[in-house]
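As structure tokens, the structure follows; a few thoughts come after it.
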Amino acid sequence: MHLIGLREMGREEMIGLLDAAEEYLDESGAVHTPPSRRQALAGKTLGLLFMEPSTRTRVSFELAARRLGGDTVLVTADGSSVEKGESAADTCRTLGAMGVDGFVVRHHDRQLPHVLGDRLNKPIINAGNGSGEHPTQGLLDALTLRRHFGLKSDLSGLKIAIMGDIVHSRVARSDAHAFSTLGAEVLLAGPRRLLPSNHNQGNWPASMTNSRKEALRWADAVIVLRIQQERIHGNVIEPHSYAMDWGIDTSVVERYMRPETVVMHPGPVIRGVELSDPVVSSERSLILKQVTNGVALRQAVLVSRFGEESQ
Ligand code: CP
């Protein structure tokens, strides 16, 4: 019923969701809703509980629900009774009493989706829990790679580097679990202080490097991450020196990357730090394809949790 993380999700379920998402992409790769699905969520109302900032995830869940004939209500921290001290669980209970059928939740607390999943008898979809997981991002990234490389089922044979602020990133966790479950090789690359410690390496289905050059030469695809300044306590990373050591601009591309290697980023991109303007808009960038595929993937997820087949 819930979608909380990809760590526990099996290969068959992942492939099933990727296959289902294909139904919402037309031959040109644009997102669309087939007529047979336009009432799939009729009569259902989804609560969007976004207690951290979001553009892509929030809007794409909203569009996905509406295009399936469903309704949404949005609650953010600003202007809701959360400001007066109401807990997220009580907010969900309150919306549930009004007839809301399930929740998409973004919150800084890593435990919250698990707590809500245990306490509420309604589907919970995790849209980002602090530095925990971001499962729909992991799935849409897998979908984007599968489509770009023309793979039919899983990601076997692909070499995928995830680069940047790994340790504070929920996207890195969900991506690593999705890609490795789907048979890809995963390499985490970043400065030592932004990689998992030796103690935590066992939690990651991936190898690691401190060399940008090694990662870029090795990879078929590079997932570039923003520095999560909001989750870094103490020494803040200096953007200029980070860009020099770990950023990807045209000269880095020319020196280290093969012509067929693609660049992805979950967004938001901080241009000039992790990626330069020309790289963001280059042929090898799949960033806007990720966004498009995100709506399709979220339509598939909503139908799996709220549609007739979920009953
Ligand atoms: N990728 C992602 O989660 O983006 P938003 O923070 O804009 O939702």
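In this structure, does residue 117 turn out to be in contact (Cβ under 8 Å) with a residue 12 or more places away in the chain, away from the ligand (no atom under 13 Å from the Cβ) and in a loop (DSSP other than H, G, I, E, B)? Please lay out each step first, then the result.
Values: in contact (Cβ under 8 Å) with a residue 12 or more places away in the chain: yes; away from the ligand (no atom under 13 Å from the Cβ): yes; in a loop (DSSP other than H, G, I, E, B): no.
So residue 117 does not fit the description; no.
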Which numbered condition residue 33 fails, given (1) without any contact (Cβ under 8 Å) to a residue 40 or more places away in the chain; (2) polar (S, T, N, Q); (3) crowded, with 19+ Cβ neighbours inside 10 Å; (4) under 13 Å from residue 307 (Cβ atoms):
(1)
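Does residue 279 meet the test of being crowded, with 22+ Cβ neighbours inside 10 Å, modelled with pLDDT of 95 or more and more than 20 Å from the chain's Cα centre (by Cα)? Break it down into steps so the answer makes sense when it comes.
Details: crowded, with 22+ Cβ neighbours inside 10 Å: yes; modelled with pLDDT of 95 or more: yes; more than 20 Å from the chain's Cα centre (by Cα): yes.
Against the criterion (crowded, with 22+ Cβ neighbours inside 10 Å, modelled with pLDDT of 95 or more and more than 20 Å from the chain's Cα centre (by Cα)), residue 279 qualifies.
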Is one or more of the residues making up the stretch 215-222 away from the ligand (no atom under 16 Å from the Cβ), without any contact (Cβ under 8 Å) to a residue 60 or more places away in the chain and aromatic (Phe, Trp, Tyr)?
yes
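What about residue 110, is it part of a loop (DSSP other than H, G, I, E, B), within 16 Å of the ligand (Cβ to nearest atom) and touching a strand residue (DSSP E or B) at 6+ places or on another chain (Cβ under 6 Å)? Full working, then the answer.
On the way: part of a loop (DSSP other than H, G, I, E, B): yes; within 16 Å of the ligand (Cβ to nearest atom): yes; touching a strand residue (DSSP E or B) at 6+ places or on another chain (Cβ under 6 Å): yes.
Here the answer is yes, as residue 110 does meet what is asked.
Can you tell which of 127, 172, 176, 142 is within 16 Å of the ligand (Cβ to nearest atom), free of Cβ contacts under 8 Å to residues at least 40 places away in the same chain and either under 14 Å from the mean Cα position of the chain (by Cα) or surrounded by fewer than 24 Cβ atoms within 10 Å (Cβ to Cβ) (or both)? Show your work before the answer.
Numbers: 127 fails: free of Cβ contacts under 8 Å to residues at least 40 places away in the same chain; 172 fails: free of Cβ contacts under 8 Å to residues at least 40 places away in the same chain; 142 fails: free of Cβ contacts under 8 Å to residues at least 40 places away in the same chain.
The match here is 176.
The values are calculated or read from the model by the stated rules, or taken from the named source; none is laboratory data. Fair warning: this is a prediction, and the values are worked out from it, not measured in the lab. Counting neighbours? That spans all protein chains shown, and the Cβs are built from the backbone with ideal geometry, glycine included.
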